Amino acid sequence: MILDRYVFRLWLGPFLGGLALVCGVLLLGRALRYLPLVAESGAPWAMLGQMMVFVLPYFSLLTVPIAFFLSMQNVVAGLQQNSEMDALRAAGLSYARIFRSLILTAAALYLGLAWVAMDGLPKGQLALNNVLNEIYHLKGAPEFTPRRFSREVDQITFYVEGKDKQGRYHGVMVSDNRAGGPVFYVAEMAELAPAAGGVRLRMWNGTRLEGRGGKQRVLAFRNYDVEMPIAGLGAVKALRSTDHVILMTPSELWRRLQANPTPDARAEWHRRLILPTTVLVLCLFALPLSLAPKRAGRMGSLLMGIGLLILLYNSQLVLHRQVELGVLPPLAMWAGQAALLLGGVWLWRRAEMGALPGWLSSGGEWFYLIHQRVMHWLSMRRGARA
């Protein structure tokens with residue numbers, strides 16, 4: 001028990017610090033993204049705080065496994081560098097016994113993340129959407145980023161070159177497909193303003209192009225107004241949990257799968273089941289990736305860990321997208337995660353036997369040699385200049 005508490009204390013501080021740092025950076029980026037919207041709408045600042053709370057379930061599914069993994073790597077590398085690992089192994093303790101407290105912690109985190117993925121994540125996304133809905137209604141009109149194509153309004157695409165101090169857009173292009181179109185507008189200047197039941201786009205000095213082929217009609221105008229009802233604003237729709245698979249509660253999503261197992265519903269169900277297992281995969285890889293030679297330091301194992309994180313999360317994204325599109329069956333998502341899980345088990349067993357693959361055990365050594373060569377080259381350059 002003393003060993004368990006010791007290892008857990010070594011892990012807990014870096015875990016909490018890393019988790020707070022990464023979550024803080026992500027929340028700051030999201031807050032900066034929503035800050036202009038809240039300020040321009042006149043919404044209460046408490047709404048910004050609510051949105052930060054509602055994105056926490058999504059961020060936790062990303063950051064908790066990463067913070068756990070990097071903190072465990074730090075513990076393993078620290079015990080290795082200080083020769084404490086050698087003493088514990090000489091006493092006949094297995095790696096599983098030495099890191100028992102962290103393995104149990106990974107299992108507890110898995111259970112917590114499973115609840116977040118199945119229940120907390122869809123509720124947070126739904127609540128975030130509906131807070132944004134309130135803010136957009138207070139604002140009364142969508143905003144368009146200069147020099148980017150925007151689809152804030154359903155079936156309407158906007159492009160603007162810039163915006164002046166009076167809030168008017170310059171160099172405007174609009175594609176309107178609501179009436180079976182398309183209808184194209186090009187105008188020198190335009191502005192958005194609240195209107196009865198919606199938003200009015202008022203344009204000056206432009207051209208309206210409608211129809212295709214020989215049925216095209218062109219109209220030049222000095223000013224032209226386009227009415228857009230509030231219900232047509234894609235960014236301000238109030239949603240219910242049943243409106244989209246990513247917003248459904250577990251029971252709603254399960255019923256949807258039984259009634260109509262569409263590819264997006266199947267992909268979402270399996271994504272929620274797979275995401276929490278990431279912390280178990282990373283727990284298995286933390287030990288073998290961190291058993292570097294003492295003189296190699298921790299940087300080599302850290303770089304290999306970052307490489308694993310990139311591979312893991314990108315493979316999850318790619319496989320989920322392919323299943324969502326119906327290209328692959330949901331089994332493909334499980335196959336990718338299972339391959340990594342079995343790879344981690346195999347490497348852990350090899351570490352227990354003291355027979356890690358050469359490329360892995362020497363990864364830190366390679367970094368050490370490269371680092372030494374670079375430092376030697378820099379010292380030679382300084383000597384030559386002197």
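The values are calculated or read from the model by the stated rules, or taken from the named source; none is laboratory data. Because the structure is a prediction, the values reported are computed rather than measured. Please note: Cβ atoms are built from the backbone with ideal geometry, for glycine as well, and neighbour counts cover all protein chains shown.
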- Reported set for the range 90-149 where residues are of a type in the set (Lys, Arg) and within 25 Å of Phe68 (Cβ to Cβ) is Arg97, Arg100, Lys123
- Message: Here are the criteria: (1) hydrophobic (A, V, I, L, M, F, W, C); (2) modelled with pLDDT of 90 or more; (3) assigned to a helix (DSSP H, G or I). Tell me which single one Met203 does not satisfy.
- Response: (3)
- Query: Before we move on, is Leu88 within 16 Å of Leu10 (Cα to Cα) and surrounded by fewer than 17 Cβ atoms within 10 Å (Cβ to Cβ)?
  - Reply: no
- Item | Hey, Ala39 without any contact (Cβ under 8 Å) to a residue 40 or more places away in the chain and in a helix (DSSP H, G or I) or not | yes
- Scan Leu48, Leu21, Leu32, Leu70 and give me the residue that is of a type outside the set (Asp, Glu), farther than 26 Å from Thr249 by Cα, at pLDDT below 90 and part of a helix (DSSP H, G or I). Leu32
- Within the range 156-175, identify whether any single residue is at pLDDT below 75 and assigned to a loop (DSSP other than H, G, I, E, B), and answer yes or no. no
